[in-house]
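Here's the structure, in structure tokens; my notes come after.
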Amino acid sequence: MIQASAVKKINPVAEAEHHHVRFIRDESGLDYIEIDNDLATAKIALQGAHVMSWQPKSQQHPVLWLSSNARYVPGRSIRGGIPICWPWFGAHPTDSTLCPHGFARVMPWQVVDAETLNNGATRIELQMLEPAESKRQLSYPHLLTVTITVGETLRLDLATTNKADHPFMVGEALHTYFHVSDVATIQIKGLEDTLYADKVFNYERRVETHDVQFNGEFDRVYLNTNVDCMIHDAGLNRQIRISKSGSQSTVIWNPWGEKSNQMVDMGKPDEWREMICVETANALENSVVISPGRTHTMSVEYRVESL
Ligand code: TA6
């Protein structure tokens, strides 16, 4: 974890200009943005433009789950928060040597704009930088930005611009880890009658018949769906509403105990019980073809509601 003694300010000008925003660097050289405005707190790693935490000041509990032994090292994704999967989701379609879920989540990003909105929220726009490694994995010219708005709600707008002279296809996900009281007692509402591909059963296709509930490993890509989902959590007396646009897939994942225990960064033995991933995505056949000169934007907004 970040040692307080190793933390130093890296952008005092931006800090002065943009109230509520602080830049810090840890001992591995990773940079972070801390936001503390009238409405909420949040922390974002510049590697991956990775939102690590967000908590509205009206809420007693964190909304996002962040593993207690997440790794904060260059080139590795942080376990928890909101990893950005791009430009493919899951395994690369043709080259198994490439990292699952693409490279955006481990690339350096830079802040291109920051402002305080009239409602008190903080809006930060980041752009992915393109080291040689990313060019090797995606040779087409492109621009990837994410705008993160931190307030009573949390909003992310992930925008891909095609700067090539031919169309290209992207798969993508905002792979959000939510903090829940106990994954075995929550329900996810909004996906009844939706077709899904079940990764636990070799991508077998079925149609959801009920609210989603959990009693074992769960890894599904719900397809052709753009509706709101709600994580109904009686244990925390709250519901998290997930509203999205530009997204046709919703991915839900919890590895359960055995798989979590095989992973080096899933926290203490039972920590996986307090986590559910509900991902705003365009995956499998919902991957998006972007024409030359066009921008495709996938957006999501999270809101905590009382039960
Ligand atoms: O979104 C679900 C999933 O694709 C699962 O199959 C699981 O592997 C998970 O993402 C985590 O992937 P990661 O590469 O972050 O370990």
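The values are calculated or read from the model by the stated rules, or taken from the named source; none is laboratory data. Computed from a predicted structure; not experimentally measured. A quick note on method: Cβ atoms are made from the backbone with ideal geometry, for glycine too, and the neighbour counts reach across all protein chains shown. Accessible surface areas use protein heavy atoms only, side chains included; no ligands, DNA or RNA. Shrake-Rupley method; radii C 1.70, N 1.55, O 1.52, S 1.80 Å.
Odds and ends about this structure:
- Hits in region 144-175 - residues which are out of contact with any Phe, Trp or Tyr (no Cβ under 6 Å at 6 or more places or on another chain) and either of a type in the set (F, W, Y) or open to solvent by 50 Å² or more (accessible area, probe 1.4 Å) (or both): E152, R155, K163, D165, H166, P167, M169
- Among the residues making up region 124-139, those that are among the small types (G, A, S) and part of a helix (DSSP H, G or I) are A132, S134.
- The residues on offer are T185, T176, and the sole one that is closer than 28 Å to G257 by Cα, within 16 Å of the ligand (Cβ to nearest atom) and among the polar types (S, T, N, Q) is T176.
- The C-beta contact set for region 200-211 (first residue over 21 Å from A91 (Cβ atoms), second residue loosely packed, with under 10 Cβ neighbours inside 10 Å, distance under 7 angstrom, 6+ apart or interchain) comprises V207/D193; E208/D193.
- Residue in region 283-303 that is in contact (Cβ under 8 Å) with a residue 12 or more places away in the chain and within 12 Å of the ligand (Cβ to nearest atom) present: yes
- The number of residues in region 65-82 being within 15 Å of the ligand (Cβ to nearest atom) and under 28 Å from N237 (Cβ atoms) comes to 8.
- Test result for G216, within 23 Å of L66 (Cβ to Cβ), away from the ligand (no atom under 11 Å from the Cβ), open to solvent by less than 40 Å² (accessible area, probe 1.4 Å) and outside any strand (DSSP E or B): no
- Filter pass, S139 being on the phi < 0 side of the Ramachandran plot, away from the ligand (no atom under 16 Å from the Cβ) and either at pLDDT 90 or above or surrounded by fewer than 16 Cβ atoms within 10 Å (Cβ to Cβ) (or both): yes
- Residue tally, condition closer than 30 Å to S306 by Cβ and either among the aliphatic types (A, V, I, L, M) or surrounded by 15 or more Cβ atoms within 10 Å (Cβ to Cβ) (or both), over region 186-209: 9
- Region 98-123, residues that are closer than 20 Å to A173 by Cα, in a loop (DSSP other than H, G, I, E, B) and open to solvent by 50 Å² or more (accessible area, probe 1.4 Å): C99, P100
- With respect to the conditions (1) in a strand (DSSP E or B); (2) more than 17 Å from the chain's Cα centre (by Cα); (3) within 28 Å of S249 (Cβ to Cβ), I44 lacks only one, and its number is (2).
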